1. Out of Ser634, Ser646, Ser606, which single residue is among the hydroxyl-bearing types (Ser, Thr, Tyr) and in a loop (DSSP other than H, G, I, E, B)?
2. Of all residues in the stretch 482-503, which are in a loop (DSSP other than H, G, I, E, B) and within 20 Å of Phe442 (Cα to Cα)?
3. Any idea which residue in the stretch 444-453 is nearest to Ile540 (Cα to Cα), counting only those that are of a type in the set (Gly, Ala, Ser) and open to solvent by 40 Å² or more (accessible area, probe 1.4 Å)?
4. If Asp593 passes every condition in (1) over 30 Å from Thr256 (Cβ atoms); (2) under 18 Å from the mean Cα position of the chain (by Cα) but one, which one does it miss?
5. If you go through the stretch 100-123 one residue at a time, how many are part of a loop (DSSP other than H, G, I, E, B) and either open to solvent by 50 Å² or more (accessible area, probe 1.4 Å) or of a type outside the set (A, V, I, L, M) (or both)?
6. Filter the stretch 585-631 for residues that are open to solvent by 20 Å² or more (accessible area, probe 1.4 Å) and hydroxyl-bearing (Ser, Thr, Tyr); which is nearest to Leu691 (Cα to Cα)?
7. Would you check which residues across the stretch 390-434 are of a type in the set (Val, Ile, Thr), in a strand (DSSP E or B) and crowded, with 20+ Cβ neighbours inside 10 Å and list them?
Amino acid sequence: MNTVEAVDYLELALPREPRVSPDGERVAFVRRTPRVDDATGADSNEDDESDGDEGGDAGESEAVEPTAVEDVEATVYVVPLGGGEPRRFTAAAGVDACPRWSPSGDRLAFATDRGEDRAPDVWVLPTDGGEARRVTRVPGDVSALAWGPAGDRIAFLQSTTAAERERGDDRAVDDDYEREDPDPRVIDRTVYRAAQSYVDGTRSHVYVADLEGDDDVTRVTDGDVDHTAPAWGADGSLYFGAREPEDESADPDDTTEFALQHSDLDGDGDVETLHYDTGWAPRVAVAADGRVAYVSTPEERGTLRQADVHVYDPETEAVRVPTAALDRTVDGDSPLQFGSNGESVYVLTPETGSVVVRRVPVAPAGSGASPDDDATVVVGEGAHCSAFDASADVLAFAASEWDHPGDVFAATPRGAEATRLTSLNRDYLDERAVVQPDELAFDAGDASALRDVDAVADHDGEPERVADASVQGWLFTPPELGPGESAPLVVQVHGGPHVTWTGAGTMWHEFQTLAAAGFCVFACNPRGSTGYGEAFQAAIERDWGAVTGADVLAGVDAVRDREAVDDAETFLAGGSFGGYMTAWLLAHTDRFDAGVPQRGVYDLVSFYGSTDGAYKLVEDDFGATPWGDLETLSRHSPALAADEISAPTLVVHSDDDFRVPTGGAELLYRGLRKAGTPTRLVRYPREGHELSRSGEPGHVIDRIQRIRDWFRGYSETFEDDAPL
């Protein structure tokens, strides 16, 4: 039996965006996997467009240097609910997204770049056979596709410039159209870049393609305002959010306030604002009676607060909060959805080490009564659900579990008769020894031992720390570890900081690889994590390092006495906020023999000025700005304690990371060099903050290999040479 290796990333396939067909008999989804053939010159598309459709099997790939693989392939597949293997539905070329069945089920719309160096467009494919048809030729990265109720229109988002909108280029351009890079780049916005690119004057707007009118594209919205994914009402009108504060003098980039808006496309087409609320990325869902659901987060201390479902009632113009009694945050990055009868809303929520689909009962329009039932978990306990789609009879969802990185499942809308529809990695997993983690719980640590007595002084006093909390964690042990044997410990800290880890999810491959490389791997959800209530989430207010660090060290203490753990050697790694914590703990303790901080926030002052909208983390979590409380932010910046770090430290960062720009990593690295600490800085070109989750496959592999080799090289357990 083979063990999991870093290069195995090339063999893994992951599901995204499951969608149930209108007849409830099939589920479409996107299968995403590294595109090895691009690195070999092989052609994997020889079967495309065969037999009058786009199905078929990909060809064999030649041997390839793993770190040379740059691209991914994301292709729409369809799997029957009654049993059977998934079938490739679109051409294996480029990156597909947003598969959407037409209301009658006779067509499937999707966004794709068709493997060409251009922005994706809307395509439509007949489901009974035939070739896909390109519907749009627009410049702005289409996304968030939504069919109109009559099946004759498709709404979507795209980001366009004012000049493109004025010229009409936002509605149609030639295939050779290219935007010119600004030179110089003139910036007039507070948040002017995100992910891996500058916005360069673009704004996201809502568009509609008329499939019965020569595919004419109409822009629904206008102005220097960003909009969110559109949703259709039963009457053919559109609903969406607009980052447009009620106070016209307010900076849209500097507030979470948004306008819930509506446009009657069959009437005058004007955009009407229904309600103002606050939220990070408001997605909307519309019931047949016109109620609109969306996710809202309070503006004050917003990063420390949980998100709730809000439902706008068009009859009373009132907003209800059906999750008010649910002490769990709602995942605002994932779409929410009304059930077919409009009596409930489905959402993703973190829940004590899982990410689950919840069903939230809601009152009908015009009703003053509250539903009798509470929000309940439908599916996902013990798993990490990443997406779902609810129809009248079927709830389809994508999830990973400890023994696989991801598959598509189906159940009834109330969670019964759960069935696994795919085994995307069956052949691979049949030949691999996969480690089942041991779940554990331990008491939260004592932060006072790590804290500067003045570190959290504030006019409001000491925040509530939930000192008596129980912390959840997981321990992975090497698959080949024999009785009486032990292995060095690698401690991993998650990012966020307000997110959750599970025993599966996006870290499945990395944790399994490090365990197979001869390490015990420990991960936990320290205070600050989601899935355990708002007080737990807010417990790190004004004190990221000591509170989180105390819990991480308490977890280390909880596993170090186990027979499988060699407590003589302990290593530390983490990304983003986990990178912050790695550097912070290396500077404040001598418990670790080497560390790998990655894409971390090491200097809160420079981070505040150079990040995208994440500067709100500094304002909300610390209650500070650089000019208002420089001392606090400096005290909590681990780069300014680089001279206290003696353990060998590998600093990993991405060149195009605009969430956590490179300046902090450069400062930390310079400080380590000046202190004489064994260190190395590794920078990945063309990568952003999502390197570990969706970076170029070759970079994903290289990063894991470097972490493994850094720890093995500074361990006396292995015979590897030290990296430096």
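The values are calculated or read from the model by the stated rules, or taken from the named source; none is laboratory data. Values in this document were obtained by computation on a predicted structure and should not be read as measured data. With ideal geometry, Cβ positions are generated from the backbone for all residues, glycine too; neighbour counts draw on all protein chains shown. Areas reflect the complete protein model, heavy atoms only, side chains present, ligands, DNA and RNA absent. Shrake-Rupley method; radii C 1.70, N 1.55, O 1.52, S 1.80 Å.
1. Checking each option against the conditions leaves just Ser646.
2. His494, Pro497, His498, Val499, Thr500, Trp501, Thr502, Gly503, listed by residue number.
3. Taking the candidates together, the pick is Ser448.
4. Unmet condition: (2).
5. Step one: list which residues in the stretch 100-123 are part of a loop (DSSP other than H, G, I, E, B), which gives 102-106, 113-120.
Restricting the remaining residues to those that are either open to solvent by 50 Å² or more (accessible area, probe 1.4 Å) or of a type outside the set (A, V, I, L, M) (or both) gives 102-106, 113-118, 120.
Here the count works out to 12.
6. Top of the filtered list is Ser610.
7. Val408
Yes or no, residue by residue, for (1) on the phi > 0 side of the Ramachandran plot; (2) basic (Lys, Arg); (3) open to solvent by 70 Å² or more (accessible area, probe 1.4 Å):
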{"position": "Thr190", "(1), (2), (3)": "no, no, no"}
{"position": "Arg203", "(1), (2), (3)": "no, yes, no"}
{"position": "Asp210", "(1), (2), (3)": "no, no, no"}
{"position": "Thr218", "(1), (2), (3)": "no, no, yes"}
